[in-house]
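Peer 1: Here it is, the structure in full.
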Ligand SMILES: Nc1ncnc2c1ncn2[C@@H]1O[C@H](COP(=O)(O)OP(=O)(O)OP(=O)(O)O)[C@@H](O)[C@H]1O
């Protein structure tokens, strides 16, 4: 039974028969997806297949036309989930571009969710917690006092991660985290996500077009096509899946290059 309390035994995310449409345009029809606790799931699909719409629905940022969504065992579409902010308190999100407040310093940005969800926390404690998350995200102490415009693109993403981790979430959502980073910066960012996921026991829902990210850090990959999740499985299984988009994506030139460069299992 689904209730408005976190269920430690439930899957991190369970989506059933999801329908999302904009007017006549049906983006998802009977979409099913289960995300396990503690995994990094990569969500891929062609442009416009509804990866961001799926993430927004799971986060409660849009109401789907049909279906069920449970997050950490909580019915995400229920009034109770909305009223308590339970899911928001247990999830962190890095939107495309970081979405930091441009007029606030990095430390102030990271403090925003802390102040919002725990208004009684003393300011010193809020600041110390924000600085801890900033250091965990691989930024130096000095970054805390800077405005987003004073940071490089990679540093802004790290600041976004620090903010996403502010509330010690069980679940982290990342929308194209390596987009716009050079290959070395992207590899370092992948490494940061893997390190944080292992250290904090996070479940990570990661939308990406980056094949290197899939091969280096994802435990499973979910492919969106034809308005649903075609397959959600470890990469070797997904690579074999008989669908034109999957074959082109994984066995085209870029897919072959990423496979050749993938880390060998220890
Ligand atoms: N608010 C909206 N109003 C109308 N249509 C929308 C809205 N949001 C998304 N869509 C449409 O839904 C479809 C899926 O969009 P979405 O952004 O989820 O795709 P995506 O898979 O994340 O694409 P990309 O890889 O290009 O980021 C697109 O056709 C888009 O135009």
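Peer 1: Test each condition in (1) free of Cβ contacts under 8 Å to residues at least 24 places away in the same chain; (2) part of a loop (DSSP other than H, G, I, E, B); (3) surrounded by 14 or more Cβ atoms within 10 Å (Cβ to Cβ) for residue 132 and report the one that comes out false.
Peer 2: For residue 132, the exception is condition (2).
Peer 1: So in region 240-249, with the set limited to residues that are more than 22 Å from the chain's Cα centre (by Cα) and in a helix (DSSP H, G or I), which one is surrounded by the fewest Cβ atoms within 10 Å (Cβ to Cβ)?
Peer 2: Per the stated criteria, the residue is 244.
Peer 1: Also, I was wondering about something else. Going by the conditions given, is residue 100 modelled with pLDDT under 90 and under 17 Å from the mean Cα position of the chain (by Cα)?
Peer 2: Against the criterion (modelled with pLDDT under 90 and under 17 Å from the mean Cα position of the chain (by Cα)), residue 100 qualifies.
Peer 1: Now for a separate question. Any idea which residue in region 8-25 is surrounded by the most Cβ atoms within 10 Å (Cβ to Cβ), counting only those that are within 16 Å of the ligand (Cβ to nearest atom) and under 18 Å from residue 61 (Cβ atoms)?
Peer 2: Checked region 8-25; the qualifying residue surrounded by the most Cβ atoms within 10 Å (Cβ to Cβ) is 18.
Peer 1: Let me ask something additional. Counting just the residues of region 26-51 that are buried (at least 18 other Cβ atoms within 10 Å of the Cβ) and within 8 Å of the ligand (Cβ to nearest atom), which one comes out farthest from the chain's Cα centre (by Cα)?
Peer 2: Only one residue fits best here, namely 27.
Peer 1: Assess whether residue 62 counts as being modelled with pLDDT under 95, crowded, with 18+ Cβ neighbours inside 10 Å and within 12 Å of the ligand (Cβ to nearest atom).
Peer 2: no
The values are calculated or read from the model by the stated rules, or taken from the named source; none is laboratory data. Because the structure is a prediction, the values reported are computed rather than measured. Heads up, the Cβs are rebuilt from the backbone with ideal geometry, glycines too, and the neighbour counts pull from every protein chain shown.
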